[in-house]
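Below is one structure, written out as structure tokens, with a few remarks after it.
The values are calculated or read from the model by the stated rules, or taken from the named source; none is laboratory data. Note that this is a predicted model, so its numbers are computed, not measured. Cβ coordinates were reconstructed from backbone atoms using ideal geometry, including for glycine residues, and neighbour counts include every protein chain displayed.
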Amino acid sequence: MWRVAVELDAAFPPPLPSTDDYSVEVTDRDGDLLRVFANREGRWRMETDLEQVDPQFMEMLITYEDKRFYNHPGVDPLALMRAAGQFVANGRIVSGGSTITMQLARLLEPRTSRSMQAKFRQILRAFQLEWRLSKEEILRQYLTLAPYGGNLEGVRAASLSWFGREPRHLTLEQSALLVALPQAPEARRPDRAPKAALAARQRVLERIAAADKLAKSEVDRIADVAVPQKRTAMPALAAHLAEAAIDLDPVAKRHFTTLNNDVQRELEVVAAEFSRRQGRTISVAILAADASSGEIVASVGSPGYLDEQRAGWIDMTLAKRSPGSTLKPIIYGLAIEEGLALPSTLIADRPANFNGYRPANFDLQYQGDVSLRRALQLSLNIPAIRLLDALGPARLVARIRRAGVHPVLPLEEKPGLSIGLGGVGLSLRDLVQLYVNLAAIPERPISIGDGIRGKPGRLNGPAMISRNAAWHVGDMLSGVAPPISSVDIGIAYKTGTSYGYRDAWALGYDGKYVIGVWVGRADNGSVPGITGIKTAAPLLFTAFQRSGLKRVPLPKAPPGAVRMAQSDLPASMKYFASTGTAGIGKPHDGSAPLAIAFPPHGAELELSSTSGGEATAVPLKLQGGTPPFRIVANGVPEERINRRRKLQWLPDGAGTQQLTIIDAAGNTQSVVFSVSNRL
């Protein structure tokens, strides 16, 4: 018979398994299932690998169905003779003689009758399958195609539907039920025929015990354990990101993401609960990312994908909206990096006119002179615009782009001061990208990617802002009081509210993770009363607390970054008095603009060492400006004042250095370079 099967194999090839009709799966970073889609026939048919199945189930299956599976060539003559003898003796089928290979042949090529000719064809196909496939592949295909009732095919679909878990986590009684179901999947469906399912499970357990592979006490213990009365919904997490993954590769059956299954599930629950309390038209989006790697660990695009009133099918992590005040931390960071001010520098919070642009604070109140730290923590508008006016809006946009984010500006318009208060289009993913680069304090900007294509890595070019400036920003934001009724969880965070109460934002981070939340209407409608601090901030704190992410303390100050009292600041930094962009690098006395001639930006300097092993100084050459000059080294102002334009500066170690020169008129110029010691 074996020889006949081999000879006929080439002329009558068997219908080998195909992956075309498998369900599409989307998994998290560890391979755990996030979402699964029924195949085109509406069946749950999930590809199964043997390592995905509990070894105890595999042993029970072989023992019960085909104990000589690994020794026969596709047909077990002893089993066939036993089945025939029982049929003659009892006048009915007592036990089948089909091997697992024969059952797979029947699944691949369903027979239209129970005739001897059909049985012979099944036997022939079993020989062919054994000739073409390994034993492991035969088992794998059987476990993928075996029927388990309704539209369930394969042990993974059955285990997920009946028990809500992957088959590698099956209990003894669950394994026994799944072994019993394929012989009569409809007659033994536990949701429709629980008594038949219970009896079939018991027969499996008794046969396993009879083969001395299970203690009788275990059989007795399980006898009264109920079978499941209803099916469990298939995993349906990360709807928007799963859809994007499939669009990216429509042919693939498995799609891998950087998400964390547990974090994603919990944040979807948080979003759904929060949105129900806000009203039927209010939508919510939450995005969490690992600031050390840039990987997205959770992405909630809406409270419910099928929620029509909230337009749940729109992924609000990608929608371009007004970011409100969420860009202020970057403005403050740039001002500190440029040597314009430090957190304890005083700045005026009074009505101001910037060439016709007259911003006002959110509450229409003014604080007078406040420190930068206080101004950022209170999210005051006037101080932020004063700093942006001194920096120049184009510089802010350039730094945002350096971090891999492309803001949407009004058509054919140059960046204006209004971008500091939300006059630009950014998405939640864009803002999380920016805050990752605040939190991580990287040497180069980090890209958070899209959660689909794996670890994103680093962007080209220097960091968005210097390490010292980023630390100062985080230090200031960590002092913002938590929202009312929320517990202080030790994060740095910033809120924002867009014009017309259309968007409420909150973004926060600890020493490793960044979470951003958005609240509003998907149709960009106004929601009177929503604000970043009252609406979005409580959601942010809840997201951090319930995400399950291990909290990591905010980083310690890098070398050179220190907190200084206002009284300890150099005279030129005690009070911020710049009135416009003309104050950067352009003196008021008509002399040439301040410039750093050496070292050039981005230079790599190799310094020789003295006989004692100490590095020599870096020569500084200045042009223009109004003396005297003060050096701010890596965010720390030096005490000495220099009147000469040729200076010597001694670094405190090798690596990246940032020097800012401030002249007597308050003009500044900065340069970033690296130094190494020659051995």
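Laid out as a table, the results:
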{"item": "Lone unmet requirement of (1) surrounded by 13 or more Cβ atoms within 10 Å (Cβ to Cβ); (2) closer than 27 Å to I314 by Cα; (3) at pLDDT below 95 for P250", "result": "(1)"}
{"item": "Within the range 405-441, tally of residues that are modelled with pLDDT under 90 and in contact with a Lys or Arg (Cβ under 7 Å, 6 or more places away or on another chain)", "result": "1"}
{"item": "N460 vs. criteria of a type in the set (S, T, N, Q), modelled with pLDDT of 90 or more and either surrounded by 24 or more Cβ atoms within 10 Å (Cβ to Cβ) or more than 25 Å from H255 (Cβ to Cβ) (or both)", "result": "no"}
{"item": "Candidate set: the range 562-581, residues that are at pLDDT below 85 and of a type outside the set (V, I, T); chosen: the one surrounded by the fewest Cβ atoms within 10 Å (Cβ to Cβ)", "result": "A571"}
{"item": "Members of the range 625-644 that are among the small types (G, A, S), in a loop (DSSP other than H, G, I, E, B) and within 42 Å of the chain's Cα centre (by Cα)", "result": "G635"}
{"item": "Inter-residue pairs, beta-carbon under 6 Å, first over 8 Å from L426 (Cα atoms) and in contact (Cβ under 8 Å) with a residue 12 or more places away in the chain and in the range 403-415, second assigned to a loop (DSSP other than H, G, I, E, B) and of a type in the set (S, T, Y), 6+ apart", "result": "G404/S447"}
{"item": "Identity of the residue in the range 355-383, among the aliphatic types (A, V, I, L, M) and closer than 23 Å to I336 by Cβ, that ends up surrounded by the fewest Cβ atoms within 10 Å (Cβ to Cβ)", "result": "L378"}
{"item": "Within the range 190-221, tally of residues that are within 24 Å of T232 (Cα to Cα) and either touching a Leu at 6+ places or on another chain (Cβ under 8 Å) or in contact (Cβ under 8 Å) with a residue 60 or more places away in the chain (or both)", "result": "5"}
{"item": "Any hit, the range 430-438, residues being more than 22 Å from N260 (Cβ to Cβ) and among the charged types (D, E, K, R)", "result": "no"}
{"item": "Candidates P627, P651, P637 - the one that is more than 22 Å from A571 (Cβ to Cβ) and in contact with a strand residue (DSSP E or B) (Cβ under 8 Å, 6 or more places away or on another chain)", "result": "P651"}
{"item": "Meets criteria (touching a residue at least 40 places away in the same chain (Cβ under 8 Å), over 25 Å from A536 (Cα atoms), β-branched (V, I, T) and part of a loop (DSSP other than H, G, I, E, B)) for I452", "result": "yes"}
{"item": "Pair list, Cβ < 8 Å and 6+ apart or interchain, from the range 618-629 residues that are under 25 Å from S674 (Cβ atoms) to residues that are in a strand (DSSP E or B) and among the charged types (D, E, K, R)", "result": "P619/K646; L620/K646; K621/K646; L622/K646"}
{"item": "Residue within the range 335-343 that is outside any helix (DSSP H, G or I) and either charged (D, E, K, R) or within 23 Å of K534 (Cα to Cα) (or both) present", "result": "yes"}
{"item": "All positions within the range 471-497 that are surrounded by fewer than 23 Cβ atoms within 10 Å (Cβ to Cβ), under 24 Å from the mean Cα position of the chain (by Cα) and of a type in the set (A, V, I, L, M)", "result": "I489"}
{"item": "Helices (runs of 4 or more DSSP H) enclosed by the range 111-224 - at least 2 residues per element that are surrounded by 22 or more Cβ atoms within 10 Å (Cβ to Cβ) and among the aliphatic types (A, V, I, L, M)", "result": "116-132, 135-145, 155-163, 172-180, 194-210"}
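Each row is one residue, and each column tells you yes or no for (1) modelled with pLDDT under 95; (2) surrounded by fewer than 21 Cβ atoms within 10 Å (Cβ to Cβ); (3) out of contact with any helix residue (DSSP H, G or I) (no Cβ under 7 Å at 6 or more places or on another chain).
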residue: Q278; (1), (2), (3): yes, yes, yes
residue: A298; (1), (2), (3): no, no, no
residue: P303; (1), (2), (3): no, no, no
residue: A311; (1), (2), (3): no, yes, yes
residue: P323; (1), (2), (3): no, no, no
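Residue-wise test of (1) assigned to a loop (DSSP other than H, G, I, E, B); (2) under 33 Å from the mean Cα position of the chain (by Cα).
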| position | (1), (2) |
| --- | --- |
| D369 | no, no |
| L376 | no, yes |
| P383 | no, no |
| I400 | no, yes |
| H406 | yes, yes |
| P410 | yes, yes |
